[in-house]
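Chemist: Below is a structure I'd like to ask you about.
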Ligand SMILES: [Zn+2]
């Protein structure tokens with residue numbers, strides 16, 4: 001699933017390629033893709049709009065047009081592509097937007113979990129109103145984590161989008177390794193210094209990944225229409241039984257709330 005760095009990369013790429021482009025028409029082929037309004041209204045409202053500003057909140061993409069905010073969440077396998085024509089539509093293409101300059105914006109999604117919404121400009125965006133702090137927000141402090149993490153463990157807090165927005169399973173595993181703590185470490189038992197380390201390492205790892213253009217773990221593409229450009233070095237995620245890159249101990253995998261959780265029994269306490 002794309003996490004903050006990948007979504008950030010998609011946002012920056014879309015902005016580079018689509019800023020100022022006007023929508024000639026929009027067709028939704030898979031109606032469940034659009035949560036709100038109904039798909040026909042979505043198509044109608046987006047037609048004639050110009051893409052003005054692109055931003056990210058947590059794992060959500062926000063595209064501002066003259067009259068609307070288009071909110072997209074790619075979930076597991078969603079991808080955008082910008083193609084010169086309409087010939088590349090396949091069974092995984094769930095939306096196509098033809099642009100007045102002749103290009104097409106495709107949304108493809110093999111798993112069909114991605115969702116779109118369109119809000120009139122200035123209206124409160126319900127999809128993002130309960131999100132927690134961005135990792136780079138200066139209000140993210142050890143005290144904030146202590147308060148939010150009462151009775152909870154490290155991994156749970158990292159994945160909770162209402163505490164910190166944008167971190168998913170891969171980066172949660174990597175961050176826990178970077179600070180030498182087990183995913184099951186209780187936040188209440190972590191010192192102020194440990195929590196400060198946690199914040200610093202979270203920012204370092206996300207920044208590095210943004211700079212690398214997002215990871216290409218699984219089939220995820222960071223550049224619309226271009227595949228496999230980036231690969232971030234992972235320390236533990238997806239490395240079950242492979243030697244720890246620090247101490248050589250085989251990486252352990254457990255299931256935590258249905259998510260594959262990887263850690264080194266020696267490096268992480
Ligand atoms: Zn180790």
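Chemist: Can you give the angle from 0 to 90° between the axis of helix 4-18 and the longest principal axis of the chain, with both taken from C-alpha atoms, to the nearest 10?
Modeler: Compared with the principal axis, the helix lies near 20 degrees.
Chemist: Now a separate question. Give me the three principal axis extents of region 4-128 from the C-alpha atoms, as integers in angstrom, largest value leading.
Modeler: The principal-axis extents, from largest down, are 37, 29, 29 Å.
Chemist: Sticking with this structure for a sec: Contact order normalised by length for region 1-72, with contacts defined as Cα pairs under 8 Å and 6 or more residues apart; what percent is it? Each step should come with its number before you reach the end.
Modeler: Working: 94 pairs, mean separation 23.2, N = 72.
That works out to 32 percent.
Chemist: Same structure, new question: Taking the Cα of residue 130, stepping 7 Å toward and past its beta carbon, and measuring to each backbone N in region 71-90: which are under 17 Å?
Modeler: 73
Chemist: Suppose R0 equals 30 Å; then what is the FRET efficiency for residue 101 and residue 30 from their Cβ-Cβ distance, rounded to the nearest 0.05? Write out the running numbers ahead of the final one.
Modeler: Numbers: r = 25 Å, r/R0 = 0.85.
For R0 = 30 Å, the calculated efficiency reads 0.75.
Chemist: Oh, and also: May I ask you to sort 253, 91 by Cβ crowding, counting other Cβ atoms within 10 Å and putting the fewest first? Mind dumping the intermediate values first?
Modeler: Details: 253 17, 91 9.
So the ranking, lowest neighbour count to highest, is 91, 253.
Chemist: Same structure, new question: Once you've got the GNM for the chain with C-alpha springs shorter than 10 Å, pick whichever of 102, 168, 58 has the biggest mean-square fluctuation.
Modeler: 102
Chemist: Order of 8, 147 from fewest to most other C-beta atoms within 10 Å?
Modeler: Details: 8 22, 147 11.
Ordered from fewest to most neighbouring Cβ atoms within 10 Å, 8, 147 come out as 147, 8.
Chemist: Remind me, relative contact order of the chain in percent, using alpha carbon pairs under 8 angstrom and six or more residues apart?
Modeler: Working: 547 pairs, mean separation 50.2, N = 269.
It comes to 19 percent, rounded to a whole number.
Chemist: Cα atoms only, the chain: Rg and Dmax in Å?
Modeler: 19.8, 58
Chemist: Sticking with this one: Arranged by the count of other C-beta atoms within 10 angstrom, fewest first, what order do 106, 144, 171 take?
Modeler: Going from least to most buried by this count: 144, 106, 171.
Chemist: Also: Could you give the nm distance between label points at residue 55 and residue 247, where each point is 7 Å from its Cα heading toward the beta carbon?
Modeler: 4.4 nm
Here, each number is a calculation from the coordinates, and none is a lab measurement. Keep in mind that this is a model prediction, so the values were computed, not measured. Cβ coordinates were reconstructed from backbone atoms using ideal geometry, including for glycine residues, and neighbour counts include every protein chain displayed.
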